[in-house]
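Presented below is the structure to which this report refers.
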Amino acid sequence: MRSRPEKKPVILVGAGDAGEMTFREIMDNHSLKSRVVAFVDDDPAKKGRLIHGVPVRGTVSDLPRLVRQLGVQEIFITAPSATGTQMRRIVEICEQTSVPFKTLPGLGDLIHGRVSIKALRDVSYTDLLGREPVKLDEARIGAYLEGATVLVTGAGGSIGSELCRQICRFRPETIVLFDRAESPLHEIDIELKRAFPHVRVLPVLGDICDRRHLSAVFEACQPRVVFHAAAYKHVPMLELQPWKAITNNVLGTSNMIEISRQYGVERFVFVSTDKAVRPANIMGASKRVAELLVHGQNGCRQSDGKFMAVRFGNVVGSVGSVVPLFRKQIAEGGPVTVTHPGVTRYFMTIAEACQLILQAGSMGKGGETFILDMGTPVKISDMARDLIRLSGYEPGVDIEIEYVGLRPGEKLFEELITRGEGIERTRHEKIMVLRGRCCNQKILNGHIGELRRFADAYDSKGIRAKLHEIEPEFNPGDNNEMDGHRLVFPDRRRKKRVRPGRDALVSVYPGPEKGFRICDISNGGLSFYYHDSQDVVPDSGELAVCLTADGSRLENIPCRMVSRRTLTDSDPIDNGKTRRLSVMFERLTAEQSLQLEFFVRNLVQESGH
């Protein structure tokens, strides 16, 4: 006869309802290989109490002693109402025991389902953050979502996809998932159709910058409610290519507003960011301009719709955010890179942010910016240490933390309101509303037209200056210097012959004013011919050139000489006194890189020879 497999002894932290229900499930489920040998709880009134015959043997501080005495092999934290501070202390004590530990999700995650042993999971940074569960006025949210057609832009993203999940709980008739990222759109489409069979789910692959397609989608779907979450968000990338922030975050939002107004959308909720407050970077400034566009719709004669913005800080675990990056660095053995020892950020969970966005959407009368209560700012260096410890390592011993300096456009701390904005409480404890300055819509539309022209011309300086004019608290800085041919375009180092018959000339300074014929050119550099006996080209390594061709002229392109040689018989000019000089472009601004890209395209042969 086979002996029964030994069950591992476990301790439950928390002798409340969740602990008792977890105990009963362990007892009832014979397939589980665990047996509860003790409870611990910090409520002194519970010490010595028996729960189904198992005693509460002490407090959380007694865990290391009890683990040794009872031979405990795992700890289950069954305290879903624990605050972030309490959870941090529990985790620190569990780590001292050197046995594995798991936790139940917080109350917010358990609210729609019973406590289950299947819900036990590893402790995450979200548990240490300790955000209180959101109390929703579900009747008010349902009043504008139930039976409606709802369109969500950026539906495949972290915020957009969670918005879609929560919207579907309120039984809309149709949800339109709009995104240009094919794979994430496919994933959320499959997930929603499986989880919410009563909701009609329509995935639409599209771009908010494509007005014609947007109009066709609105014509076909007739959405009543729009959540606009699509945006470019990565600060360093947009510092290098500010025209992309304008095209997507500003002009794309303008398209969404105009088409929503045209098709009679009743509620338009714009998802903004705390980086729009006193913006120190292009991303934040572009979102601030988008906020002003949304505010300008209040009282617009062409629409009775309610247009509003919701502003909040960082969310834990979103794609490309700091928590997944730290986890990856820890998995690779470190170091964990932090920009500055003093840098802080506001954080909330994705689920909490989306719940409050839906609640704010029910409250808006038009023209408001709602801000979400983000709690206390978190030091990023503390977050890094917490994540290292949660992964079973010791900061500074097993995994190093390396400080790498603030990147262009980054702040030490973020704010949620700016000068001139008055903050008022709302009926919801976690939502406030701002009454900010209004922007003359006619003047703003003129600014938007100029931003469009600057973006079309890839004019970084023009974009920065115009954003500063629209939002004086934006400091444009001097972040446009970069090696543009490496960062903006593919690095086409192999030079290509100039098309036959093209009169492409280069002037070198310091040097003679006359132009020399360009023989080949790329984004990385060029070569040209000159006559050694008559022309004087300086030997200096650092030069600048002026390029002309077919009426186009590029001046002051910085470069350095890399080679100079006398031509041989195989060269196009058979003359011993003719030389060929090659230079490499360097220290290009973004504008110079773009201008050079188009200059090169027009000159070289299509074949690439």
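A few remarks follow.
- For GluC sites (Glu not before Pro), the sites in segment 210-270 that DSSP calls loop and that have at most 15 other Cβ atoms within 10 Å are Glu266.
- Relative intensity of segment 186-282 on a log10 scale, I(q)/I(0) at q = 0.10, 0.23 Å⁻¹, equals -0.34, -1.23, per a Debye sum over C-alpha point scatterers of equal strength in the absence of solvent.
- Alpha-carbon centroids, segment 183-214 and segment 315-376: separation in whole Å: 24
- From least to most packed, judged by other beta carbons within 10 angstrom and beginning with the fewest, Thr339, Thr247 follow the order Thr339, Thr247.
- Segment 245-301 - Rg over Rh from alpha carbon coordinates, Kirkwood radius: 0.99
- Footprinting exposure proxy ranking of Ser81, Ser260, fewest other C-beta atoms within 10 angstrom first, gives Ser81, Ser260.
Any read-out appearing in this document is the output of simple, stated calculations on the displayed coordinates, not a laboratory observation. What you see is a predicted model, and the numbers here were worked out from it, not measured in a lab. Cβ: placed from backbone, ideal geometry, glycine included. Neighbour counts: every protein chain shown.
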